[in-house]
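Inspection log for the structure reproduced underneath, given as structure tokens.
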Amino acid sequence: MSEQKKALVALSPIGIFSFSENQDLVYFKLFEKDPKQAFEQFEKGVSSEFLDHLKGYDVESNNLSNKFMRDHLRQLALDLTFAKNEEEFNRFISEFSLIFSKKRMKFSFSKDKFVVQANNALEDLLRITNLMAERLKEWFGMHYPECKLSMKELTTHVATFGSRENFPEFIESVGLEISKEDEEVIKSYAESIERVNEEKKKLEKYIRDSMRELAPNTSTLIDELLLAKLLAAAGSLEKLARMSSSSIQLIGAEKALFRHLRKQGKSPKFGLIFMSSWIQNVPDEEKGKVARVLSAKLMQSIRIDFYSGRDESTRLKKELEQDLRKISG
């Protein structure tokens, strides 16, 4: 049985194109030559009608097809008479890019504000659940002081079973006896912690999804929740995109930096990015170097996300891994 041929699909300002693995043109559909109309068609993406012409092919859309499209866009526009000459093509691309940038910035300015608020709400929920869990542990500990369950396990057990006598592992205790009314109140309290935890999970998912949409390149380099913290600390995606790598490296370490400037402490090596797995998983003596490399790559990826929206995720992550390998030798 012969292997199915591949068709690499790429979306561009002038139309939708499909290439073979040998980069031969398989099928294409040009957009309108008016930049506004072209952008409207561009936003709709690859249509099912277009894909119908590729039956029999294994259709893919990846960095290879997108890179080939970028490299040959100008020549394709001229060869297919989308533009009569270089000047006309330059004018079209300039107007299209302006429309694209305005649209993307409008989206960024609204979406990033929601993510900042969601991050702040998540921080509130974390504080609330920690306080509530501590209270539950102290409260239930009077009834069952021998209990060795973790905070999370204890909350689940109390919400499910109520009094200590209902715990599957319970044998005996020197703790205080509780009435049925006491049990109902403390069980209801544990259930409320469980509900808050469920809301926390929903918020975390919303933030992760939003960051992947808002900053897809950067989201492949660091955890989306950490990226949201950096965004919230900066105030907006635009402000974050304008920061230098050293500023990104020290977000969250402002107090330590001020102490250093007053000659009351050492210069900090990192702020919030310390929580990144890239830094956590290296020896202490390498953490500072890794932080510098990581913040430099974050600066690059954030600017691509904010100003152009190109998919450079594979390249950026590969370069980061190569740079970090040089540090470890």
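Okay, here's what the table says:
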read-out: Selection within the range 157-181 - part of a helix (DSSP H, G or I) and surrounded by 16 or more Cβ atoms within 10 Å (Cβ to Cβ); value: His157, Val158, Ala159, Phe161, Arg164
read-out: Extreme residue, surrounded by the fewest Cβ atoms within 10 Å (Cβ to Cβ), among residues of the range 103-153 that are of a type in the set (Asp, Glu) and farther than 22 Å from Ala234 by Cβ; value: Glu138
read-out: Qualifying residue in the range 67-75 (condition: over 33 Å from the mean Cα position of the chain (by Cα) and not hydrophobic (A, V, I, L, M, F, W, C)); value: yes
read-out: Candidates Phe68, Phe100 - the one that is under 21 Å from Ile304 (Cβ atoms), surrounded by 14 or more Cβ atoms within 10 Å (Cβ to Cβ), at pLDDT below 85 and in contact with a helix residue (DSSP H, G or I) (Cβ under 7 Å, 6 or more places away or on another chain); value: Phe100
read-out: Residue match in the range 308-327 (condition: without any contact (Cβ under 8 Å) to a residue 40 or more places away in the chain, outside any helix (DSSP H, G or I), outside the structural domain of Phe68 (by TED's automatic domain parsing) and more than 19 Å from the chain's Cα centre (by Cα)); value: no
read-out: Among the residues listed as Ser236, Ser295, the single one being modelled with pLDDT under 90, hydroxyl-bearing (Ser, Thr, Tyr) and surrounded by 15 or more Cβ atoms within 10 Å (Cβ to Cβ); value: Ser236
read-out: Condition check for Phe89: outside the structural domain of Gly15 (by TED's automatic domain parsing) and either more than 30 Å from Ala215 (Cα to Cα) or among the β-branched types (Val, Ile, Thr) (or both); value: no
read-out: Pairs, first modelled with pLDDT under 95 in the range 154-173, second surrounded by 20 or more Cβ atoms within 10 Å (Cβ to Cβ) and of a type in the set (D, E, K, R), C-beta under 8 Å, six or more apart; value: Phe170/Arg164; Ser173/Arg164
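The values are calculated or read from the model by the stated rules, or taken from the named source; none is laboratory data. Worth saying up front: this structure is predicted, and the values here are computed from it rather than measured. Positions of Cβ are generated from backbone atoms using ideal geometry, with glycine treated the same way; all protein chains shown enter the neighbour counts.
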